[in-house]
Amino acid sequence: MHVFLPDGKQLDLPQGATALDAAQAIGPRLAQDALAATANGVLTDLQTPLPEGAEISLITKKNPGQAQSVFRHSLGHAMSQAVGEYYERKGYPRNAVKRGVGPSIENGFYQDFDLPEPLGEEELPEIEKIMREIIGRGLDITRSEVSKAQALEQFGFDPYKVELISALPDDESITFYTQGEYVDLCRGPHFPNTGKLPTAFKLTSTSGAYWRGNEKNPILQRVYGVAFASQKELDEYLERLEEAKRRDHRKLGRELELFTIDPLVGKGLPLWLPNGTVLREELAAFLKEQQFQRGYQGVITPNIGNLELYKTSGHYQNYSDSNFSPITVDDEQYMLKPMNCPHHVRIYDSKPRSYRDLPVRLAEFGTVYRYEQSGELNGLTRVRGFTQDDAHIFCRTDQLKKEFLDVLDLTVLVLRTFGMNDVRFRVGTRDPADEKYVGDAANWQLAEDGIIQAVEEVGLPYSIEPGDAAFYGPKLDFVVKDVLGREWQLGTIQVDYNLPERFDISYVGEDGQDHRPVMIHRAPFGSLERFVGILIEHYAGDFPLWLAPRQIAIVPIADRHNAYAEELRAELHKAGLRAEVDDTSNRMQAKVRNAELSKIPMILVVGDKEQEARQVSTRERWPDGHRERKGVGFDELKAELLERYKSRS
RNA sequence: GCUUCUGUAGCUCAGUGGUAGAGCACUCCCUUGGUAAGGGAGAGGUCAUCAGUUCGAACCUGAUCAGAAGCUCCA
């Protein structure tokens, strides 16, 4: 057989040759240093036979980072072996530890176990120690192929492995990887020897995970680890985790007094404190302005509705698990509103509509309630009661594209306003095999094509995810990444032919006949709660002036400056700016410090000099940096702040 | 909802079976200062809740409630 090297040179090798054979053919030194390889761009190890005619490239200890997923996977095996030894040292028989899957993942690896007794996080350093021992032993990691029958025989003691092996086709040979006394069923690839594995790893956490990800299956213990080619990369990663902790909206939300969650009120039901309310109302005002410009009309609907309403819309049937239970009043049943759309449909239908009236754009900051599983609740980002910046556009089919593009434009404007650049557009389409979707296939096709066409027209990068649609129509979601790399769904746009059908709404066309309108559901923020949660982390609490709940702190140097400070405060307040005077008996340094810790963007220091000349000295913290200015004229500064406020910059 | 872990003052945390502590914040007094902590005094807790074990429980056991990480779910 032959393979090709990166320089295009052809290398002739015996049949069934591996990357190691190729390395040896080039030189003994390379064979010594080789860790893994790629064949036709796919990572492989040194022991797997190469495909005929492959373009290969060897990865050596000079650039182990290229084989990250390989050594992470191998470290996963080392961890798995270490856990086995740990339990053996505790006196359990070797086969007491059973194993689920253990892949490499972003930044590291995990392994699922069925353990004879739970493993606590405080035991992880001990496991790490054994892992380092295993690396120190320099065990060869050898690949072997066996038949399905042999595999079943060897792993007969482990029901999880038996299940995995049984699922493989009968004629397929199954690969094992062995290092010392540890053998695991594994497709590979792996490093050639435990001694060549990087030591820049750390076991981070343990948790439960359902076998094969199914809620109905038993739960296994999962141990997570992170690993990098160098200690520097590991340190940087751990530093990023620390940064994420510092930015955590739950921590900042408490420190900056933005919101609180009180068990007596109910879990998942956040209380907006005065500071958080300012922030939220600024967001709402911003969007209302935009919507006014774009011809939306405001509506207001109640927080509960007759069960029949949600039966008509289908929300009751389709989301029975995540609705709050109905309330019986007299002999009727009511439900907490899980969605605003049914109410808006009824508003549309409250009078006859002409084709001339369309599009009708009904907007509401509507609060909805959904019964989220208790384990899902998380600060502001996952709650049971939240307010959507919801709107429904009822239009003719010939208007759909323009309306959709306008909504897309609005959403992009929103994201840009907050400097959210790491955004992914996700088109959720119907999975034809799933039966939860309502409406006929032709309408679905129409709606899905329309979305994809619009996104392409705007030239946004997008991915299509089948099965991600709402039950009534496909959707376009905006997914942003936070500092930790976690993805959050923010805004959404959905095209819906089905609700108009279910509610039998219509308009009178040019021809005098009844026609069915199309609906667009859209929420650029998604939910105010989640959006604010993400904004807090996005800005790390250092909000731009227009969003900062506390915008200006005036620091009088001594008590005799309090009156001047108060005079400035009143003027700023009159101009619509949020200013306060720190007239505590603290020293000026302490007042400055407290204002800094409260992340107030503009601190005005006033003393004798300032008072005489109607000036202030400043200390400013803006998203683009901090600065100080001395002897600034007050009126000039006020104008500057107002300009900054009004322009939302 | 499931698995593991956690719950002590407003916040951050110490306290391994013998009647509860620190720092910050808070209140009062002194201090009146030039860009990140001036000094002193005081107040504040059924140790999440309930039950059990014990002569005795913040500490051990169980249940409940709440939180965290992950899994599953998200119109």
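With a cut-off of 8 Å between alpha carbons and a minimum separation of six or more residues, what is the relative contact order of region A:261-539 in percent?
Relative contact order of region A:261-539: 20 percent.
As an exercise, identify the trypsin sites (Lys or Arg not before Pro) in region A:331-385 lying in DSSP coil whose Cβ has no more than 12 other Cβ atoms within 10 Å. Kindly include the intermediate steps, with their values, before the conclusion.
Details: sites: A:R346, A:R353, A:R356, A:R361, A:R370, A:R382, A:R384; in loops: A:R353, A:R356, A:R370, A:R384.
In loop regions of region A:331-385 (DSSP not H, G, I, E or B), the sparsely surrounded trypsin sites (Lys or Arg not before Pro) are A:R356.
Using the alpha-carbon atoms, what tilt in degrees (0 to 90, nearest 10) does helix A:124-137 show relative to the longest principal axis of chain A?
40 degrees
Under a straight-distance cross-link criterion of Cα-Cα below 23 Å, which lysines are reachable from A:K161, leaving out those fewer than 8 residues away in the same chain?
Straight-line reach from A:K161, under 23 Å: A:K98, A:K148, A:K216.
Can you tell me how region A:548-615 classifies by the Cα gyration tensor, rounded, prolate or oblate, using a/c under 1.5 as the rounded cut?
Oblate is the answer for region A:548-615, as a/c is 1.5 or above yet b/c matches or exceeds a/b.
Measuring from centroid to centroid over Cα atoms, what is the spacing of region A:23-41 and region A:210-230 in Å?
32 Å
Can you pull out the trypsin sites (Lys or Arg not before Pro) in region A:404-469 whose DSSP state is coil and whose Cβ has at most 16 other Cβ atoms within 10 Å?
Numbers: sites: A:R416, A:R424, A:R426, A:R430, A:K436; in loops: A:R430, A:K436.
Taking region A:404-469 and a limit of 16 other Cβ atoms within 10 Å, the loop trypsin sites (Lys or Arg not before Pro) found are A:K436.
Percent relative contact order of region A:62-113, based on C-alpha pairs within less than 8 angstrom and at least six residues apart? Intermediate results must be reported in sequence, preceding the final value.
Numbers: 47 pairs, mean separation 20.5, N = 52.
Across region A:62-113, relative contact order equals 39 percent.
Mind checking which lysines have their C-alpha under 26 Å from A:K251, skipping anything on the same chain fewer than 8 residues away?
A:K251 reaches A:K202, A:K267, A:K481, A:K591, A:K599.
Would you work out if region A:67-245 is rounded, prolate or oblate? Take a ≥ b ≥ c from the square roots of the eigenvalues of the alpha-carbon gyration tensor; rounded if a/c is under 1.5, else prolate when a/b is larger than b/c, oblate otherwise.
Working: a/c = 1.58, a/b = 1.36, b/c = 1.16.
Prolate shape, in that a/c is at least 1.5 and a/b is the bigger ratio.
Hey, if you put +1 on the Cβ of every Lys and Arg and -1 on every Asp and Glu Cβ in chain A, which of A:I534, A:V146, A:G439 ends up farthest toward the positive end of that dipole?
A:I534
Between rounded, prolate and oblate, where does chain A land on the alpha carbon gyration tensor, with a ≥ b ≥ c its root eigenvalues, rounded for a/c under 1.5, else prolate if a/b exceeds b/c? Numbers along the way, then the final one.
Details: a/c = 2.07, a/b = 1.39, b/c = 1.50.
Note, shape of chain A comes out oblate.
Helix A:231-247 versus the longest principal axis of chain A: what is the Cα-based angle in degrees, 0 to 90, to the nearest 10?
The angle comes out near 30 degrees.
If you plug each phi of region A:349-358 into the Karplus form 6.51 cos²θ - 1.76 cosθ + 1.60 with θ = phi - 60°, what whole-Hz ³J(HN,Hα) values come out, in order, with x for Gly and Pro?
Calculated HN-Hα couplings, in order: 7, 6, 7, x, 10, 9, 4, 5, 6, 7 Hz.
Based on Cα positions only, what radius of gyration and what Dmax would you give for region A:85-152, in angstroms?
Rg then Dmax for region A:85-152, in Å: 14.4, 40.
Check which residues have an amide H placed less than 5 Å from A:I105's amide H, if you skip close sequence neighbours.
For A:I105, whose amide H was placed from the backbone, the distant partners under 5 Å are A:Y110.
Please quote Rg/Rh for region A:2-62 to two decimal places, taking the Kirkwood radius as Rh and restricting both calculations to Cα atoms.
Value, to two decimals: 0.90.
Per residue of region A:104-116, in order, report the coupling 6.51 cos²θ - 1.76 cosθ + 1.60 (Karplus, θ = phi - 60°) as ³J(HN,Hα) in whole Hz, putting x for Gly and Pro.
Result, rounded to whole Hz: 8, 9, 3, 6, x, 7, 8, 9, 8, 10, 10, 9, x.
What number, rounded to the nearest 500 deg cm²/dmol, is the helix-based mean residue ellipticity at 222 nm of chain A, given -39500 (n - 2.57) per DSSP H run of at least four residues and division by all its residues?
-10500 deg cm²/dmol
Size of the dipole of chain A about the Cα centre, Lys and Arg at +1 and Asp and Glu at -1 on the beta carbon, nothing else charged, in debye to 20?
1560 debye
Taking the Cα centre of region A:261-539 as origin and charging only Cβ (+1 Lys, Arg; -1 Asp, Glu), how large is the dipole, in debye to the nearest 20?
Charge dipole, region A:261-539, about its Cα centre: 520 debye, nearest 20.
Mind ranking A:190-200, A:237-247, A:135-145 by how tightly packed they are, going by the mean number of other C-beta atoms within 10 angstrom, highest first?
Numbers: A:190-200: 21.3, A:237-247: 13.4, A:135-145: 15.6.
Peptide ranking by packing, descending: A:190-200, A:135-145, A:237-247.
With an 8 Å Cα cut-off and a minimum separation of 6 or more residues, compute the relative contact order for chain A in percent.
9 percent
What is the gain in length, in nm to one decimal, between A:E172 and A:V508 on full extension, counting 0.36 nm per residue of separation less the C-alpha to C-alpha distance?
114.6 nm
Which one of A:Y316, A:L547, A:L380 has its Cα pushed farthest toward the positive end of the charge dipole of chain A, where Lys and Arg give +1 and Asp and Glu give -1 at the Cβ?
With unit charges placed on the Cβ atoms, the residue in question is A:L547.
What list of ³J(HN,Hα) values in whole Hz, one per residue of region A:18-28 in order, does the Karplus curve 6.51 cos²θ - 1.76 cosθ + 1.60 (θ = phi - 60°) give from phi, with Gly and Pro shown as x?
Working through the residues one at a time gives 10, 5, 5, 4, 5, 4, 4, 5, 7, x, x Hz.
So who's got an amide H within less than 5 Å of the one on A:Q333, skipping anything under 5 residues away but keeping other chains? H placed 1.01 Å off N, in plane.
A:L307
Can you give the FRET efficiency for A:D12 and A:Y92, using 1/(1 + (r/R0)^6), R0 = 60 Å, r = Cβ-Cβ distance, to the nearest 0.05?
It comes out at approximately 0.70.
Test of understanding: what is the full-extension gain from A:E501 to A:K436, defined as 0.36 nm times their sequence separation minus their Cα-Cα distance?
Here the segment from A:E501 to A:K436 would lengthen by 21.7 nm.
Using the alpha-carbon centroid of each, what span in Å lies between region A:564-617 and region A:328-406?
44 Å
Past 24 Å, Cα to Cα, is the threshold; run A:K245/A:K638; A:K90/A:K196; A:K475/A:K646; A:K311/A:K475 against it and keep the listed order.
A:K245/A:K638; A:K90/A:K196; A:K475/A:K646, as the Cα separations exceed 24 Å there.
Hey, can you rank A:440-450, A:553-563 by average C-beta count inside 10 Å, highest first?
A:553-563, A:440-450
Tell me which residues come under 5 Å, amide H to amide H, from A:A17 once H is placed; ignore anything under 5 positions away on its chain.
A:L50
Each reported figure results from applying straightforward, stated rules to the coordinates on display, with no laboratory input. All values derive from a computational prediction rather than experimental measurement. Methodologically, a virtual Cβ is constructed for each residue, glycine included, from the backbone with ideal geometry; neighbour enumeration extends over all protein chains shown.
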